[in-house]
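Okay, structure first, notes after.
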C-alpha cells in the first residue's frame, strides 16, 4: 500500500515523460522523412540522367532532364520550395564509339513542414547522378 506522500507520483512521471517521448517520435519521423525525400531526389536525378543519355540531341536532352525530374518529384510527393537543376548533356552529341557521360545535379529545398516539423524554414537536399552513354548508339543529331 502506498503512503500518502506518494499520491500522484505516477501522474507527475507521466506528465514529464510524455513530452520527451513525443519529441523523440517527432525527431525520428522528421529524420525518416528527410532520408526519404533525399532518396526521392536522388532517384529523380538518376532517372533524368538515364532518360537524357538515350536522347541524341543536347537541347532535347536538357528538356528531358527538367521534365523527368519535375514529374518524378511530383509523383513521389516531394515538394521543393526552391529547385535548382544543373546538367551536362554535351556528351550526347559525340559521335558513336566515343565514350561520354551525362551528369545531372539537383538541389531541392524541402520545407520543414513537409518533414512533419511545425517549424518555418527549409533543409536543402543536394544530389547528383551520372549515366554513361551507349558507345554504339546513334548520337549527335
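Bear in mind these aren't lab numbers, they're just calculated from the coordinates by the rules spelled out. The model shown is predicted, which means the values in this text are computed figures rather than measured ones. Every residue, glycine among them, receives a Cβ derived from its backbone with ideal geometry; neighbour counts consider all protein chains shown.
Details
- Rounded to the nearest 10 degrees, the inclination of helix 9-53 to the longest alpha-carbon principal axis of the chain is 0 degrees.
- Cα-projected label distance for residue 135 with residue 81, points at 7 Å along beta-carbon direction, nm: 4.8 nm
- Extending 7 Å from the Cα toward the beta-carbon at both residue 107 and residue 57 defines two label points whose distance is 3.0 nm.
- Of the options (1) 89, 26, 19; (2) 43, 32, 24; (3) 79, 37, 23, only one is Cα extents along the principal axes in Å as computed from these coordinates, and that is (1).
- Likely footprinting exposure, 80, 108, fewest C-beta neighbours within 10 Å first: 80, 108
- Between the Cα long axis of helix 58-76 and the first principal axis of the chain there is an angle of about 20°, rounded to the nearest 10.
- Simple spin-label estimate for residue 50 and residue 16 gives 5.4 nm between the two label positions (7 Å along the Cα-to-Cβ direction from each Cα).
- What the Cβ-Cβ distance of residue 124 and residue 35 gives, at R0 = 22 Å and to the nearest 0.05, is a FRET efficiency of 0.90.
- Length-normalised contact order of the chain in % [C-alpha pairs under 8 Å, at least 6 apart]: 27 percent
- The helix-only estimate of mean residue ellipticity at 222 nm for the chain, built from DSSP H runs of length n ≥ 4 each weighted as -39500 (n - 2.57), is -16500 deg cm²/dmol after division by the residue total.
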